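Data block below; observations after.
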Amino acid sequence: RLHGEEWLVYASDAESYIPDVYEEVVCVVPVTVLNSRQYCVILDPVGSDGKPQLGKKKLVKV
């Protein structure tokens, strides 16, 4: 991890997560489940390199 980068820790990655002394929890994000008639627009999606694509949008349909 590089200084200043933000990471999203999934519940599937770890049952619990205790941040290090030098880490800060920015926010807790609840899981959102879509049905077949819903869609969402993701702002600043994460690219294949793992970095956010600032200013971009991604449409996701189930």
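The values are calculated or read from the model by the stated rules, or taken from the named source; none is laboratory data. The structure displayed is predicted, hence computed values, not measured ones. Cβ sites come from the backbone with ideal geometry, for glycine too, and all protein chains shown count toward neighbours.
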Are any of the residues in the stretch 34-41 basic (Lys, Arg) and within 15 Å of the chain's Cα centre (by Cα)? no
Of (1) surrounded by fewer than 10 Cβ atoms within 10 Å (Cβ to Cβ); (2) touching a Phe, Trp or Tyr at 6+ places or on another chain (Cβ under 9 Å); (3) part of a loop (DSSP other than H, G, I, E, B), Val9 fails just (1)
With the first residue restricted to the stretch 5-26 and required to be aromatic (Phe, Trp, Tyr), and the second required to be assigned to a loop (DSSP other than H, G, I, E, B) and surrounded by 10 or more Cβ atoms within 10 Å (Cβ to Cβ), Cβ contacts under 6 Å at 6 or more apart or on different chains are Tyr17/Val9
Using beta carbons and a limit of 9 Å, which pairs, at least six apart or on different chains, have the first residue in the stretch 34-46 and more than 12 Å from Leu8 (Cβ to Cβ) and in contact (Cβ under 8 Å) with a residue 12 or more places away in the chain and the second one exposed (fewer than 10 other Cβ atoms within 10 Å of the Cβ) and of a type in the set (Ser, Thr, Tyr)? Cys40/Thr32
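Just for the stretch 29-62: of the residues that are among the hydrophobic types (A, V, I, L, M, F, W, C), more than 27 Å from Tyr17 (Cα to Cα) and surrounded by fewer than 11 Cβ atoms within 10 Å (Cβ to Cβ), which one is modelled with the lowest pLDDT?
Among them, the one singled out is Val62.
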Restricting attention to the stretch 12-28, which residues are surrounded by 10 or more Cβ atoms within 10 Å (Cβ to Cβ) and within 16 Å of the chain's Cα centre (by Cα)? Tyr17
